[in-house]
Every structure is written in C-alpha cells, then in structure tokens.
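FYI, it's all coordinate maths here, none of it is from the lab. Nothing here was measured: the structure is a model prediction, and the numbers come from that model. So basically every Cβ, Gly included, is an ideal-geometry build from the backbone, and we count neighbours across all protein chains shown.
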C-alpha cells in the first residue's frame with residue numbers, strides 16, 4: 001500500500017467499468033487503495049481489476065464478502081488470489097473453519113473478515129437472531145476471525161477502539177461508514193467522520209459516495225486526504 005497517500009479506500013461502486021476507471025484515475029494520486037465491490041465485479045468480471053488499477057501501483061481491496069461452506073470459499077479465494085489484491089473480504093459469521101479456509105487458500109492475500117455490516121443497527125441484529133448489542137457482536141466475531149488467521153477486520157468506526165482492545169495492535173482495522181462532517185448518512189447506521197475513525201484506531205477508511213458522488217471526485221479525495 002503506497003505510504004505517501006492517505007489511508008483511504010475509495011469504493012468504486014460504479015454503474016459501469018468506464019465510470020469506475022475514471023473515478024480511479026481521479027483519486028489514485030491521493031488515496032492508497034481502491035475498492036472493487038460485488039456489484040462491479042459481478043457486472044464486469046475479473047478484468048475490471050486491471051482496468052481500475054492501471055499502472056498506478058494503488059492497492060486493491062477486493063470486497064466480495066465471501067460466505068459459503070469452507071470448501072467453496074477456499075476455491076473462490078484461490079481463484080481471485082491471482083488478481084493480487086491487498087485485501088479480500090469474507091464474512092466472519094461464516095465461522096472459523098470458513099475464514100481459515102480462505103486464509104489457507106490465498107496465503108499472499110490479507111483476508112479481511114467482515115464483522116457486522118454497518119447498515120445493521122441493534123434492532124436489525126435482533127431481527128436476524130444475532131445477540132447484541134452491535135459492539136458485543138462485533139467483538140465476538142473479531143476474536144473468532146483473528147483466531148482463524150484473518151489479518152484484517154472490517155468494522156464500523158464506532159467499534160474500532162473496542163476491537164483494537166480485543167485483537168491487539170497488529171491486525172489491520174478497516175472502517176466503512178465513514179462520512180465527512182455534513183455528509184448524508186445514506187444507508188449507513190453506524191458512522192463517524194474520517195478524523196474520528198482514525199482517532200479511534202482505524203488503519204484504513206472506506207469512503208464511497210462522499211467522493212464518487214462529488215462533481216469532482218479527485219478534488220473531493222484530495223480535500224479529505226488533506227484533512228487527515
């Protein structure tokens with residue numbers, strides 16, 4: 001991950017590969033990572049990775065949130081490892097065996113385990129039968145995933161400090177739900193500003209619409225990067 005750029009992963013949740021490539025080109029001078037999510041990957045396939053990465057040396061966050069039986073997740077992780085992402089996401093709620101299968105299948109990739117989606121609040125956790133509150137659920141899943149070999153965790157900025165206490169200093173903490181002051185929350189339930197997230201202990205901030213929804217995504221990325 002380039003050390004001279006801000007610890008931001010820009011979520012390239014674009015309607016087409018051309019838009020994603022344009023956003024990536026605009027933001028890569030300022031941010032360390034670009035994130036390709038499920039929608040774009042399913043629409044455009046693995047070739048989208050080289051299109052958005054180009055020759056910039058920017059880090060790739062492949063956010064596929066794999067969740068299946070261990071053997072299937074292992075096969076999927078092995079398949080995308082050839083794209084050389086920095087991070088590949090799996091759901092911690094898939095269990096320790098599933099997380100371990102991904103880690104073993106892609107040894108050169110940092111497996112990032114998603115704890116509790118930032119769109120879920122305590123009421124939503126109760127509806128799906130997961131014991132809360134969200135902070136406790138996140139800590140349980142974080143400990144499970146790290147015990148299974150995950151090198152990174154995805155959690156909201158509101159739980160970062162508690163997760164850091166749980167897993168120690170060497171696990172990369174990735175935080176979606178980051179919104180600059182004055183931005184819309186959109187569909188995120190547990191949010192914080194970039195400065196708050198870093199202060200709480202985050203290592204990498206996932207920011208999408210506040211950058212890609214701006215009239216000038218490059219300028220928006222530069223402004224947020226400068227604020228950090």
Q) Does the range 58-140 come out rounded, prolate or oblate, given a ≥ b ≥ c as the square roots of the eigenvalues of its C-alpha gyration tensor, rounded meaning a/c under 1.5 and, failing that, prolate meaning a/b above b/c? A) prolate
Q.
Could you sort the peptides 96-104, 27-35, 122-130 by per-residue average Cβ neighbour count (10 Å cutoff), highest mean leading?
A. 27-35, 96-104, 122-130
Q | Relative packing of peptides 60-66, 82-88 - highest average C-beta neighbours within 10 Å first | A | 60-66, 82-88
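Rounded, prolate or oblate: which fits the range 11-114, taking a ≥ b ≥ c as square roots of the Cα gyration tensor eigenvalues, rounded meaning a/c under 1.5, else prolate when a/b beats b/c? Walk me through the numbers before you get to the answer.
Working: a/c = 2.25, a/b = 1.91, b/c = 1.17.
Prolate is the answer for the range 11-114, as a/c is 1.5 or above and a/b outweighs b/c.
So for each of 146-154, 36-44 I average, over its residues, the number of other beta carbons within 10 Å; can you give me the resulting order with the highest mean first? Write out the running numbers ahead of the final one.
Numbers: 146-154: 22.0, 36-44: 17.3.
Ranking, from highest mean packing down: 146-154, 36-44.
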Q. Among [x] 17.3, 54; [y] 16.4, 46; [z] 18.7, 58, which is the computed Rg and Dmax of the Cα atoms in Å?
A. [y]
